[in-house]
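What follows is calculated from the coordinates using simple rules that are stated; it is not laboratory data. None of these values were measured; they are calculated from a predicted model. Neighbour counts are summed over all protein chains in view; Cβ atoms, including those assigned to glycine, are modelled from backbone coordinates with ideal geometry.
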């Protein structure tokens, strides 16, 4: 799959529901996957960890398909401030005056 976000979402969904990832498509309805309220919490936790984001509860209510999840995560990733890699050198301190 060319889309890294979609691929990670599908793999996470497959893991949470314990089903083969190749049975999940972007247009798959979450109800078709048998997602219940406990699955939603588990899925959100896994996605937040996988993407290092926080998904607002209000955004969750509008999710109906796998593509809704992918789009929501892409929006959150685009809005997130860029963080330097952990091994990036710290910026030099300002000289004392």
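Estimated at 0.36 nm per residue, the fully extended path between residue 39 and residue 4 surpasses their Cα-Cα distance by 10.4 nm. Taking the average, over residues, of other Cβ atoms within 10 Å as the packing measure, peptides 48-55, 74-81 rank 48-55, 74-81 from highest down. In terms of other Cβ atoms within 10 Å, 61, 18, 11 run from fewest to most in the order 18, 61, 11.
Report the relative contact order of the stretch 4-79, percent, no decimals, based on alpha-carbon pairs under 8 angstrom and at least 6 residues apart. Before the final figure, lay out each step's value.
Numbers: 58 pairs, mean separation 30.7, N = 76.
Relative contact order, the stretch 4-79: 40 percent.
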